[in-house]
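S.K.: Mind having a look at this structure? Questions to follow.
No value in this document is a laboratory result; all are computed from the given coordinates. Here the structure is a predicted model, which is why all the values come from computation and not from measurement. So basically every Cβ, Gly included, is an ideal-geometry build from the backbone, and we count neighbours across all protein chains shown.
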Amino acid sequence: MLRLHNYWSSVCSQKVRICLAEKGLAFENHHVNLFEFEHWTPAYLKLNPKAVVPALDHDGKIIIESNVIIEYLEDCYPQVRLRPEDPYARTQMRLWMFNSEELAHENVNTCSYNPRHAARHKAKGHGKEDLQRIAANCPNPVIRNRLLHRAEHGVSEAQENEAYEALDFLLDQMEETLARGPWLAGGEYSLGDIAMAPFINRIEVLKRPEMVGAARRPRLAEWWQRIQARPAYQQAMSVKNPDKNDPLQR
């Protein structure tokens, strides 16, 4: 049995749900409310000591980190192949999985804070002192210190601009890569495309959606249309927000 502990709009959770849908795998969906800090409870920390989502429970075996999870699913359920057989194409798949973490994740998180995360904290009534108190319960110093800093200072315009500059660099690489084939690993749709798709979805609802538009990056825009047309993508991204008090629904 597969049980996925995840948050409905977490980009890393979406990545795993897309992979599960592509492979046609049934799973039990367990929602972890990040803005109620359920990922910092003792029960969840037993599953994922890093205090983040997602975590996959496969018959009692716990796998964490979204890119590790989707490769694990590829190993366990190879009937629907999402990893190229060609060794070079496989390196390109893994490069884009790496890029999704090294370049996309942190910078998208930074750009999401003011329009999305701060809005959710405000809706929950989390003031600066509340966030400082809550942050003290997080065992992961990277996440704890980031929340403490943002509770005190927020995210500045300069920090946002730096993050968008990094995303521009990443998207330029995607545009160049897609000149060589329809997918990021070349001729085959792969885990590399799955790893990047949720970040493009998020950029579209942030302050600079034109970054993924056809006027600036036509090959990326065409790739994005192909991604969104896939039934598995549509299924994975249709998960609804169970928190009725959340001001954001995408």
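S.K.: Output ³J(HN,Hα) for the stretch 45-53: one whole-Hz value per residue in order, computed from phi by the Karplus curve 6.51 cos²θ - 1.76 cosθ + 1.60 with θ = phi - 60°, and x for Gly and Pro.
M.R.: Here the 3J(HN,Hα) series is 5, 5, 7, 9, x, 6, 6, 9, 10 Hz.
S.K.: Here is a follow-up. Tell me the Kirkwood hydrodynamic radius of the stretch 111-250 in angstroms, computed as one over the mean inverse distance between distinct C-alpha pairs.
M.R.: 17.3 Å
S.K.: Indicate, rounded to the nearest 5 percent, the antiparallel portion of the DSSP beta bridges found entirely in the stretch 1-119. Present the calculation step by step, with values, prior to reporting the outcome.
M.R.: Details: 8 of 12 bridges.
Within the stretch 1-119, antiparallel bridges account for around 65 percent of the total.
S.K.: Using a Debye calculation, one point per C-alpha and no hydration shell, please list log10 I(q)/I(0) for the stretch 53-137 at q = 0.17, 0.23 Å⁻¹ in order.
M.R.: So the normalised log intensities work out to -0.91, -1.13.
S.K.: Hey, what do the phi angles of the stretch 92-102 turn into as Karplus ³J(HN,Hα) couplings, whole Hz, using 6.51/-1.76/1.60 and θ = phi - 60°, x for Gly and Pro?
M.R.: Karplus-based 3J(HN,Hα) across the stretch 92-102 equals 5, 4, 6, 4, 6, 5, 5, 4, 5, 8, 5 Hz.
S.K.: Show the residues, 5+ positions off or on another chain, whose built amide H is closer than 5 Å to the amide H of LEU2.
M.R.: Those lying under 5 Å, H to H, from LEU2 are GLU28.
S.K.: Using only alpha-carbon positions, what ratio does the radius of gyration of the chain give when scaled by 2.2 N^0.38 Å?
M.R.: 1.00
S.K.: Continuing with the same structure: How big is the charge dipole of the chain about its Cα centre, in debye rounded to the nearest 20, if each Lys and Arg gets +1 on its Cβ and each Asp and Glu gets -1 on its Cβ?
M.R.: Approximately 600 debye in magnitude.
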